[in-house]
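This report refers to the structure that appears directly beneath it.
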Amino acid sequence: MSSLDLSSNAEPRFSSVAEVRRDLERVGYFADDGLAGVVYLADRLGKPVLVEGPAGTGKTELAKSVAAMTGARLIRLQCYEGLDESKALYEWNYKKQLLRIQVEQGAGWEEVEENIFSEDFLLTRPLLEAISAPEPVVLLIDEVDRVEIETEALLLEVLSDYQVSIPELGTVVASQIPLVFLTSNNTRELSEALKRRCLFLHLDYPSVERERAIVLAKVPGITDQLADQVARIVRSLRALDLKKHPSISETLDWARTLVLLGIESVDEETARSTLHLLLKYRSDIELAAKELAAATSAAAEPGR
Amino acid sequence: MLDVLTGFVAELRRSGLPVSVTEAADAADAIGHLPLEDRQAIKYALGATLVKSSAHWRAFDTAFEVYFSLRGPQFDLVGPAGAEQDGEAAPEGAERGRGEGDAGAGGLEMVSPEELAAMLYRALRDADQSMLGAVARLAVARFAGMEPGRPVGGTYYLYRTLRNLDLEGVLARLVGEARARIEAGTAGEDGPDGARPGPILRAGALGRLTALEERLLEDEYRFRIEELRREIEAEIRRRLVADRGAEALAKSLRKPLPEDVDFMHATRDELVMMRRAIQPLTRKLQARLARKRRHLRRGSLDFRATVRHSLSYGGVPAEPRFRHPRPSKPEIFVVADISGSVAAFARFTLHLVHAISSQFSKVRSFVFIDGIDEVTEIFERSETVTEAVHRVNQEADVVWVDGHSDYGHALSVFFQRWGGEVGPKTSVLLLGDARSNYHTPESWVVKELGQRARHVYWLNPEPEAYWGSGDSIIDHYAQFCDGVYECRNLRQLESFVEHLV
Ligand SMILES: Nc1ncnc2c1ncn2[C@@H]1O[C@H](COP(=O)(O)OP(=O)(O)OP(=O)(O)O)[C@@H](O)[C@H]1O
Ligand SMILES: [Mg+2]
C-alpha cells in the first residue's frame with residue numbers, strides 16, 4: 001500500500017455538513033444537505049467524488065466553489081478523447097534535453113543522463129501537479145467519460161494511492177490528500193473499478209427555493225419577485241414532458257435577459273417571446289407557451 | 001445499525017445492484033461520520049457509497065424507505081404508542097389503523113372528520129411540514145382500513161386513503177381563496193412562522209391575476225399535495241413494515257431495473273421508465289460504436305507506402321503508413337411486427353436502430369400486422385426519434401384483413417414490393433414473436449432474402465423456451481436465418497445491436 005495514511009490522521013477540513021453548506025453559500029454556490037453531505041464525506045473518507053447529472057446543473061462549478069471556499073488552488077484536468085499519460089501526468093521535455101545534450105558534448109553520458117532526467121526537464125501535467133503540490137489543492141477531472149478506458153485506468157491508479165512513480169526520478173507521494181472531483185455527462189459507462197473508488201453524487205435540478213437563491217445571487221439587479229417567478233416558471237416547465245428540460249445555466253441566461261429588457265414581472269406574452277432562451281426544440285417551446293397560458297382545471301373553476 | 005445495513009445491502013444485491021464488499025465497508029464508514037438519528041443524512045451517505053448509477057436510484061430509494069422506514073423525526077411525532085411499532089408490535093400498529101377513532105391510541109385519533117379536513121386545508125395552505133405529517137398519519141389511520149396479514153399492496157391502501165380526501169376539491173378551494181386574498185390586496189398577511197411562502201404575486205393593473213400567475217399558484221399547491229401524497233405513502237409503508245417485516249415487504253416491492261424489464265409484460269410505469277432509459281443507452285452505445293470504428297479505421301501497416309514516404313525523410317521510416325480499411329457500413333432493413341403483444345418490443349428496437357442510424361449507410365423500416373407498410377419516411381421527416389416512433393403507430397397502414405398478425409401474408413407482400421431492393425450489402429432484421437394465428441408461414445420469403453442479403457437475423461421477444469409452442473412458427477423461419485436471438489429486454493437488445501454493427 002501507499003506510504004500515506006489515506007483516512008484518519010490528516011486534519012479534517014470541515015467540522016460539520018452545515019458548515020460545508022454555509023461556506024459554499026458564502027462563495028456563491030447553493031447546495032442542499034445531500035450535496036454538502038457528500039463533500040463533507042469526501043474529506044472525512046479521503047475519497048474522490050464522481051459527480052454526474054444533466055448538463056448545466058453545477059458539476060464543474062461545484063469543484064471550483066469548493067476550491068474557493070477552502071482557499072485551495074484549483075487544478076483542472078480537462079478530459080478529451082485521446083488524452084494520454086503525457087498530457088495528464090508528466091512528459092519529458094525532449095527538446096530541452098536535446099539542447100542540453102548538444103551543449104554538453106564532451107561530458108560523459110552518465111553525467112549527461114543524470115542531468116537531463118532531473119526535475120528541470122520535467123513537464124508537469126495536472127495529475128502530477130496535484131500530487132506534488134505543497135499547498136492545498138482541489139483537483140477537478142472534468143468530463144472524465146470522454147477518455148479512453150486505458151487513461152481511466154491511469155486515473156484510477158493515481159486516485160487510489162495518491163502517488164506517481166517516475167522511473168527516472170522515483171516516486172512522488174502526495175503530502176496531503178487533495179479533494180478530487182470527477183465530472184461525467186454519462187456518455188459512457190465508467191469502469192466498475194473507478195466507480196467503486198469514488199463517492200457518487202447525482203446532481204439533479206434544484207428545488208424552487210434553491211434555484212431562486214441561485215438566481216438572486218448570480219443575476220445583478222434582479223428583484224425578489226422576478227427571481228421567484230423565474231424559478232417557479234422553470235420548475236413548472238421541468239414538470240412538463242419536454243424533450244429537453246431547462247438547465248440552471250439556461251435559467252440564469254433567461255433571468256439576465258429579463259433584467260436587461262427591464263421586465264419587472266413575467267406575463268404570458270413575455271414568456272412566449274423569450275422561451276427560446278430556456279428551451280431548444282421548437283416543439284418544446286410551443287408546448288410550453290401553450291401550457292403557461294392555460295388556466296387549468298382547478299384555477300378555472302369559480303371556487304370562491 | 002450494522003445489522004440493518006447488512007440486511008439492506010443484501011436487499012440491494014437482490015434487486016440487481018452490483019454492490020461490492022469495499023462499497024459496503026465504505027457505507028459503514030460513511031454513516032460513522034454522521035448523526036445516526038438524521039435519516040436524510042444516512043440516506044445520502046448510503047446513496048453516495050452504494051449506488052453508482054442514476055438508473056439504480058429508484059431501486060435504492062424503494063429499499064431504503066422500507067429498511068429505514070421506522071427512523072426519522074416524523075415517526076417520533078406519533079408519540080409513545082408509535083415507539084413500540086418496531087418488529088413485534090405489528091398487531092398493535094395495525095389495530096390503530098382499523099378503528100374509526102375509537103382505537104384510542106393517542107390523542108390524534110380524537111379529531112372529527114371536519115377537524116381533519118380543516119387541518120388538511122391549513123397544512124397545505126401554509127406548507128406546514130409537521131402538520132402535513134400528522135394529517136397523513138391520521139388519514140391513513142382513518143381511511144386506509146389496513147388489516148394485519150392481508151396480502152394487499154401499498155397502492156391499494158393509498159388509493160383508499162386518497163379517495164376520502166377529495167384533493168381536487170381542496171386544490172380548487174386553495175387556489176380560489178388565494179386568488180381572492182391576493183386580488184383583495186390582503187396577501188402575505190397571514191401564515192405562521194416557518195411556513196414556506198407561496199409565490200410572490202401581485203394583482204396587476206386590472207386588479208386580477210394573469211393566467212400565468214394562476215398557473216404558478218396552482219402548481220405550487222399541486223407540489224404541496226404531492227408532498228402530502230408522499231407522506232401518506234411513507235406512513236402506509238411504515239405500517240406494512242411493522243406488520244410484515246422489512247425483508248418480506250422489500251421483496252414484494254422489488255422491481256426489475258429498467259434494462260431488465262421484459263418487453264412483453266411491461267406495465268405502463270415500466271414503459272415510461274424504459275423510455276427514459278433508452279436515451280442515455282443509445283447515447284452510450286453511439287459513443288462506444290464511434291470509438292470502435294475509429295480504432296478500426298487504422299488498417300494494417302502498409303509497408304510499401306511507409307518506405308515510399310520515408311524518402312522524404314532521407315530514408316528513415318519516420319512515419320508509418322497504414323492501409324485504409326474497407327468502408328463497410330451495413331445497410332439495414334428492419335421489418336417489425338407491431339401487433340399488440342410485441343408492440344413495445346418493436347418500438348424500442350426501431351428507436352434504438354434509428355437513434356444510431358449514423359452507424360449504417362442506410363436504414364429502412366417496415367412495419368406489419370397482417371398488412372405491411374414502409375415507414376422510413378416518417379423517421380426522416382420527424383424532429384426526433386421519439387416523435388417518429390409515436391407517429392408510426394398512428395400513420396402506418398398495417399391492417400389488411402382483420403388486424404391479427406399474419407406473418408406469411410406480410411412477408412410475401414414485403415418480398416413482392418421491396419424484395420428487389422435487398423442486395424449483398426443489406427442486413428435484414430426481422431422482429432416479432434412469429435405467432436401467426438395458424439396462417440401459412442410462407443417461409444420461402446426468408447429463404448429468398450437469405451440468399452440475396454448479407455445477413456438475415458430474427459429477434460424474438462419471447463423466452464426461448466416458448467418458441468415453437470402453440471401458433472409460434474419461428475422454427476419455419478429460423479432454418480433460413482443467420483441467427484435467431486432471444487431479445488426480451490433492453491439489455492439483450494443493446495448487446496445484439498452492438499454485435500450487429
Ligand atoms: N448550486 C449552484 N449554485 C450557484 N450556481 C450554480 C449552481 N449550480 C449551477 N450554477 C450555475 O450554473 C451554471 C452551470 O454550471 P456548470 O457549468 O458547473 O454546469 P455543469 O454541470 O458542469 O454543466 P456541463 O455538464 O455542461 O459541463 C454556472 O454558471 C453556475 O454558476
Ligand atoms: Mg461542466
The correct count of residues that are surrounded by fewer than 18 Cβ atoms within 10 Å (Cβ to Cβ) and either within 13 Å of chain B (Cβ to nearest Cβ) or touching an Asp or Glu at 6+ places or on another chain (Cβ under 6 Å) (or both) in segment A:246-267 is 4
Restricting the search to segment A:199-222, which residues are at the interface with another protein chain (Cβ under 9 Å from one of its Cβ atoms) and away from ligand 2 (no atom under 16 Å from the Cβ)?
A:L199, A:F200, A:V208, A:E209
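Any chance segment A:15-31 includes a residue that's of a type in the set (S, T, N, Q), open to solvent by 10 Å² or more (accessible area, probe 1.4 Å), within 16 Å of ligand 2 (Cβ to nearest atom) and under 26 Å from A:Y162 (Cβ atoms)? Walk me through how you get there before you give the answer.
If we filter segment A:15-31 for residues that are of a type in the set (S, T, N, Q), which is where we start, we get A:15-16.
Those left that are additionally open to solvent by 10 Å² or more (accessible area, probe 1.4 Å): A:15-16.
Still in the running and within 16 Å of ligand 2 (Cβ to nearest atom): none.
No, because not a single residue in segment A:15-31 is of a type in the set (S, T, N, Q), open to solvent by 10 Å² or more (accessible area, probe 1.4 Å), within 16 Å of ligand 2 (Cβ to nearest atom) and under 26 Å from A:Y162 (Cβ atoms).
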Yes/no for A:S236 being in a helix (DSSP H, G or I), within 11 Å of chain B (Cβ to nearest Cβ) and open to solvent by 10 Å² or more (accessible area, probe 1.4 Å):
no
What pairs come out if I take residues in segment A:9-37 that are away from ligand 1 (no atom under 16 Å from the Cβ) and pair them with residues that are of a type in the set (A, V, I, L, M, F, W, C) and open to solvent by 20 Å² or more (accessible area, probe 1.4 Å) whose C-beta lies under 7 Å away, six or more apart or interchain?
A:A10/A:I177
Determine, yes or no, whether A:E61 is in a helix (DSSP H, G or I), within 11 Å of ligand 1 (Cβ to nearest atom) and in the same structural domain as A:T187 (by TED's automatic domain parsing).
yes
Spot the failing condition for B:R491; the list is (1) among the charged types (D, E, K, R); (2) outside any helix (DSSP H, G or I); (3) within 36 Å of the chain's Cα centre (by Cα), and only one is missed.
(2)
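Can you tell me which residue within segment B:370-387, out of those that are in a helix (DSSP H, G or I) and open to solvent by less than 30 Å² (accessible area, probe 1.4 Å), is farthest from the other protein chains (Cβ to nearest Cβ)?
At the first step, the residues of segment B:370-387 found to be in a helix (DSSP H, G or I) are B:376-381, B:385-387.
So of that shortlist, the ones also open to solvent by less than 30 Å² (accessible area, probe 1.4 Å) come out as B:376, B:378-379.
Values: B:T376: 21, B:I378: 15, B:F379: 16 Å.
Filtering first and then ranking leaves B:T376.
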The condition of being at the interface with chain A (Cβ under 9 Å from one of its Cβ atoms) and in contact (Cβ under 8 Å) with a residue 40 or more places away in the chain holds, among B:L34, B:L17, B:L50, only for B:L50
Can you tell me which residue is nearest to B:V21 (Cα to Cα) among those in segment A:145-167 that are touching a strand residue (DSSP E or B) at 6+ places or on another chain (Cβ under 8 Å) and open to solvent by 50 Å² or more (accessible area, probe 1.4 Å)?
A:Q163
Quick one: B:S361 ticks every box in (1) more than 29 Å from B:H439 (Cα to Cα); (2) within 26 Å of the chain's Cα centre (by Cα); (3) small (G, A, S) except a single one, so which number is it?
(2)
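Can A:A68 be described as assigned by TED's automatic domain parsing to the domain that holds A:I131, over 21 Å from A:V172 (Cβ atoms), within 13 Å of ligand 1 (Cβ to nearest atom) and free of Cβ contacts under 8 Å to residues at least 24 places away in the same chain?
Details: assigned by TED's automatic domain parsing to the domain that holds A:I131: yes; over 21 Å from A:V172 (Cβ atoms): yes; within 13 Å of ligand 1 (Cβ to nearest atom): yes; free of Cβ contacts under 8 Å to residues at least 24 places away in the same chain: no.
Answer is no for this residue.
Of the residues that sit in segment A:71-86 and are under 18 Å from A:P134 (Cα atoms) and more than 16 Å from ligand 1 (Cβ to nearest atom), which one is nearest to the other protein chains (Cβ to nearest Cβ)? Steps first, please.
At the first step, the residues of segment A:71-86 found to be under 18 Å from A:P134 (Cα atoms) are A:71-76.
Remaining after also requiring more than 16 Å from ligand 1 (Cβ to nearest atom): A:71-73, A:75.
Values: A:G71: 23, A:A72: 21, A:R73: 25, A:I75: 23 Å.
Checking each candidate, the answer is A:A72.
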If A:S207 meets every condition in (1) in contact (Cβ under 8 Å) with a residue 60 or more places away in the chain; (2) touching a helix residue (DSSP H, G or I) at 6+ places or on another chain (Cβ under 7 Å); (3) of a type in the set (S, T, N, Q); (4) within 16 Å of ligand 1 (Cβ to nearest atom) apart from one, which number is that one?
(2)
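Going through A:V147, A:V172, A:V164, A:V158 one at a time, which residue ends up being assigned by TED's automatic domain parsing to the domain that holds A:Y80 and within 16 Å of ligand 2 (Cβ to nearest atom)?
Values: A:V172 fails: within 16 Å of ligand 2 (Cβ to nearest atom); A:V164 fails: within 16 Å of ligand 2 (Cβ to nearest atom); A:V158 fails: within 16 Å of ligand 2 (Cβ to nearest atom).
Going through A:V147, A:V172, A:V164, A:V158 in turn, just one is assigned by TED's automatic domain parsing to the domain that holds A:Y80 and within 16 Å of ligand 2 (Cβ to nearest atom): A:V147.
Taking the condition of being within 16 Å of ligand 1 (Cβ to nearest atom) and in a strand (DSSP E or B), how many residues in segment A:130-149 meet it?
Step one: list which residues in segment A:130-149 are within 16 Å of ligand 1 (Cβ to nearest atom), which gives A:138-147.
Filter once more, so that each one left must be in a strand (DSSP E or B): A:138-142.
Residues meeting the conditions: 5.
For the structure I just gave you, tell me whether B:F345 is closer than 19 Å to B:R491 by Cα and among the hydrophobic types (A, V, I, L, M, F, W, C). So that I can check it myself, show each step before the final result.
Numbers: closer than 19 Å to B:R491 by Cα: yes; among the hydrophobic types (A, V, I, L, M, F, W, C): yes.
It is true that B:F345 is closer than 19 Å to B:R491 by Cα and among the hydrophobic types (A, V, I, L, M, F, W, C).
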Please work out which one of (1) open to solvent by 50 Å² or more (accessible area, probe 1.4 Å); (2) more than 23 Å from B:V399 (Cβ to Cβ); (3) modelled with pLDDT of 85 or more is the condition B:S427 fails and give its number.
(1)
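The values are calculated or read from the model by the stated rules, or taken from the named source; none is laboratory data. Model, not experiment: these values are computed from the prediction. Neighbour counts run over all protein chains shown; Cβ positions are idealised from the backbone, glycine included. Surface areas here come from the heavy atoms of the whole protein model, side chains and all, with no ligands, DNA or RNA. Shrake-Rupley method; radii C 1.70, N 1.55, O 1.52, S 1.80 Å.
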